[in-house]
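What follows is one structure encoded as structure tokens, with my remarks underneath.
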Amino acid sequence: MTVDRRTPRKNRFDADKFQLLLLIFPGLLMLVLFQYWPMWGAQIAFRDFVPSKGFWDSTWVGLKHFEQFFNSYYFEITIRNTVLLSLYQLVAGFPLPIIMALMLNYVMRSGAKKTLQTIFFAPNFISVTVVASMMFIMLSPSSGVVNHLIKSVGGQPVFFLAEPDWFYHIFTLSTIWQYTGVNTIIFMGVLAGVDPGLHESAMLDGAGKMRRMFSIDLPALMPVAIVLLILSFGRIMSIGFERAFLLQTPLNLSASEVIPTYLYKAGILGTGALPRYSFASAIGLFQGVINLGLVMVVNTVSKRISGQSLY
Amino acid sequence: MVRQQDKERRFDFLNVGILIFFAVVTLYPLYFVVIASISSPIDVNSGKVILFPVNLTFDGYREIFQYEPLWKGYINTVLYTALGTVINLVVTITSGYALSRQDLPWRRFLTFLFIFTLFFQGGLIPRYLVVKDLGLMNNLGAMIWPNALNVFYLMMCVTFFRTSIPQELHESARMDGCGTFRYFTRIVLPLSQALVAIMALYYGIFHWNSFFDAYMFLTDKDKYPIQVVLRDLIISNQSMSMDIDPMAADERQRLADLIKYGAIIFSSLPVLIVYPFLQRYFVKGAMIGAVKG
């Protein structure tokens, strides 16, 4: 240690900085390899990519692939499904965690509250594959519980996963089932920070629990809720890809084909022919740019309205 | 006064009642899988199994022990999860700490470099091609390196280090001639056990449950993780039972019917057992994540 003390101050600082750079190096390397290299590679959306030529040397074709996508039969379908599924999820799923948090907040016995929370969190820890599998099992036309119930009250069995009309509901319901519980966490955090004095003085004034829930707790949640709501519009063009992919069947495609599933099929599976790397990259880039634009718009709106922003 | 108390009691009654209803809705699908896994497939398929197991049998589980793909998938998943999480921890926590330090050279630029990727990515295809170029296709590395760093989790680390490790500690250590490495390993890490637990939990669950990368990057059935095996077993069987040989399809269907419930439990159990004990870390992580970095 004595040696260290004798080292001139400046040198020691340089060693410090060098060590900091060494610490960040592994993360930076991963970032460059798996984020920025693909970003560089996204230019193949403007080229006719040939694997042997690489990202840079493939022939430049401008907007050809974008035009192809815009003119394709799937353009409208995939965008419509992506946006409608997101909106549906937002409208149906957004209020639930707020309601659940408000209610949990009035469970006074902490043991009961914790048990309930543990239960509500459970689906979040199950894989999307398992959730999709359970949907297939429970909604099966011949052997599923749901159809047995329908039959027992005299109805006709429904092949839920083969009907495009049902896909939106199945997709949204399974998302809500899986994530409502964990989405309460942030609201519970806000509620825990509400000044108990407010409740005490409201009680002295004779306000019951119901009254306090609507006049104290709900207003306390509003700022956070509004920010989250605004920000979630920034994700309207992104979608739970795995879930859509797993719940997709050849028969419900008209409702279940979303941008990323179509992109995957075109670019990696290759629909009928060779994988169309460039075409699929154009779809991905299109989606990425729209997402970026949406986030920026939404962020500005949020800043104006609530003074809060992502960056 | 009495009426007021009545009203309060009614509120509690209704409140707890609705919450219990939510709890039942949350748990029933899981409960159903459990009772179906120990009932005879015929009774399950004919809808007799709703509240309790019917014709108790453990054939499904017995069959699972002999169904090799499931075992292999399980072992693969354990391997990918363990190895992947260790690397995640090393990469994320070191860079997270470096980014949290005000005296990191080019800090603003580096932070921007990381955060920008949260808002814009190159897309699925270029990522796939890069993984291919790196020679990771059908390789253990494909399950580890492309997801070695999650930038969102990285920002959680930055927030944690900024808010939980007092700045004075660093200053006094520096006075004593303690360099960055020593300070990081001897002082910061021991103070960050909660963060390590949070990160291990988040990354561990990510690996355990991840499906798509394996589906896309692995071609060898022997390397499939459990989630891909499950999907093949349950969903592929249901949605397209158009095998060339109808006998084989029938046999596959029979086997799938017998083991699918047990397989779901078998694959979800580790996570479902572990999370209640680590719940507070999970909540803490979510709260850190909610505060912007």
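The values are calculated or read from the model by the stated rules, or taken from the named source; none is laboratory data. What you see is a predicted model, and the numbers here were worked out from it, not measured in a lab. Quick reminder, even Gly has a Cβ in these numbers, built from the backbone with ideal geometry, and neighbours come from all protein chains shown. Remember, those area values only see protein heavy atoms, side chains included, never the ligands or the DNA or RNA. Shrake-Rupley method; radii C 1.70, N 1.55, O 1.52, S 1.80 Å.
Quick notes on this structure:
- Pair list, Cβ < 6 Å and 6+ apart or interchain, from the stretch B:221-247 residues that are closer than 14 Å to B:I264 by Cβ to residues that are outside any loop (DSSP other than H, G, I, E, B) and modelled with pLDDT under 90: B:L233/B:A256; B:N237/B:A256
- Single unsatisfied condition, B:G135 versus (1) touching a Ser or Thr at 6+ places or on another chain (Cβ under 9 Å); (2) within 12 Å of B:F217 (Cα to Cα); (3) surrounded by fewer than 16 Cβ atoms within 10 Å (Cβ to Cβ): (1)
- Index of the failed condition, B:Q121 passing every other in (1) without any contact (Cβ under 8 Å) to a residue 24 or more places away in the chain; (2) part of a helix (DSSP H, G or I): (2)
- Residues of the stretch A:167-196 satisfying the condition of being over 20 Å from the mean Cα position of the chain (by Cα), exposed (fewer than 15 other Cβ atoms within 10 Å of the Cβ) and either at pLDDT 95 or above or not in a helix (DSSP H, G or I) (or both): A:G193, A:D195
- Helices (runs of 4 or more DSSP H) fully within the stretch A:219-311 counting 1 or more residues that are in contact with a His (Cβ under 7 Å, 6 or more places away or on another chain): A:277-306
- Complete set of residues in the stretch B:13-48 that are part of a loop (DSSP other than H, G, I, E, B) and either facing chain A (nearest Cβ under 8 Å) or within 22 Å of A:L173 (Cβ to Cβ) (or both): B:S46, B:G47
- Residues located in the stretch B:203-220, provided they are under 15 Å from B:V78 (Cα atoms) and either aromatic (F, W, Y) or open to solvent by 10 Å² or more (accessible area, probe 1.4 Å) (or both): B:Y203, B:G204, B:I205, B:F206, B:H207, B:W208, B:N209, B:S210, B:F211
- Filter result for A:L274 (within 11 Å of chain B (Cβ to nearest Cβ), without any contact (Cβ under 8 Å) to a residue 60 or more places away in the chain and surrounded by fewer than 18 Cβ atoms within 10 Å (Cβ to Cβ)): no
- Subset of the stretch B:138-159 that is facing another protein chain (nearest Cβ under 7 Å) and either farther than 25 Å from B:I93 by Cα or part of a loop (DSSP other than H, G, I, E, B) (or both) - its residue that is least open to solvent (accessible area, probe 1.4 Å): B:A148
- Count - residues of the stretch B:116-128 that are facing another protein chain (nearest Cβ under 7 Å) and open to solvent by 10 Å² or more (accessible area, probe 1.4 Å): 7
- The stretch A:110-131, residues that are at the interface with chain B (Cβ under 7 Å from one of its Cβ atoms) and open to solvent by 10 Å² or more (accessible area, probe 1.4 Å): A:L116, A:T118, A:I119, A:V128
- When B:L113 is tested against the conditions (1) in a helix (DSSP H, G or I); (2) farther than 30 Å from A:M296 by Cβ; (3) not polar (S, T, N, Q), the lone failure is (2).
- Summed over the stretch B:51-63, residues that are closer than 17 Å to B:A256 by Cα and surrounded by fewer than 21 Cβ atoms within 10 Å (Cβ to Cβ) total 6.
- Residue in the stretch B:77-95 that is more than 7 Å from chain A (Cβ to nearest Cβ) and small (G, A, S) present: yes
- Candidates B:L149, B:L129, filtered to the one that is in contact with a Pro (Cβ under 9 Å, 6 or more places away or on another chain), aliphatic (A, V, I, L, M) and touching a residue at least 24 places away in the same chain (Cβ under 8 Å): B:L149
- Looking across the stretch B:31-50, just one residue is within 22 Å of the chain's Cα centre (by Cα), open to solvent by 30 Å² or more (accessible area, probe 1.4 Å) and in contact (Cβ under 8 Å) with a residue 24 or more places away in the chain, and that is B:V34.
- Boolean, B:R162 is in a helix (DSSP H, G or I), modelled with pLDDT under 95 and of a type in the set (K, R): yes
- Only one of A:G293, A:G307, A:G267 that is surrounded by 15 or more Cβ atoms within 10 Å (Cβ to Cβ) and small (G, A, S): A:G267
- Residue within the stretch A:157-166 that is within 9 Å of chain B (Cβ to nearest Cβ) and farther than 30 Å from B:D43 by Cβ present: no
- Long-range neighbours under 9 Å by Cβ, at least six apart or interchain, first residue facing another protein chain (nearest Cβ under 7 Å) within the stretch A:28-47, second open to solvent by 40 Å² or more (accessible area, probe 1.4 Å) and among the polar types (S, T, N, Q): A:Q35/B:Q121; A:P38/B:Q121; A:M39/B:Q121; A:A42/B:Q121
- Pairs, first under 13 Å from A:Q248 (Cβ atoms) in the stretch A:154-172, second of a type in the set (A, V, I, L, M) and open to solvent by 70 Å² or more (accessible area, probe 1.4 Å), C-beta under 7 Å, six or more apart: A:A162/A:L251; A:Y168/A:L84
- All positions within the stretch A:229-259 that are at the interface with another protein chain (Cβ under 9 Å from one of its Cβ atoms) and either over 18 Å from the mean Cα position of the chain (by Cα) or open to solvent by 20 Å² or more (accessible area, probe 1.4 Å) (or both): A:F241, A:E242, A:Q248, A:T249, A:P250, A:L251
- Where a residue in the stretch A:237-258 is in contact (Cβ under 8 Å) with a residue 60 or more places away in the chain and its partner, wherever it lies, is open to solvent by less than 30 Å² (accessible area, probe 1.4 Å) and among the basic types (K, R), with Cβ under 7 Å and at least six apart: A:L246/B:R231
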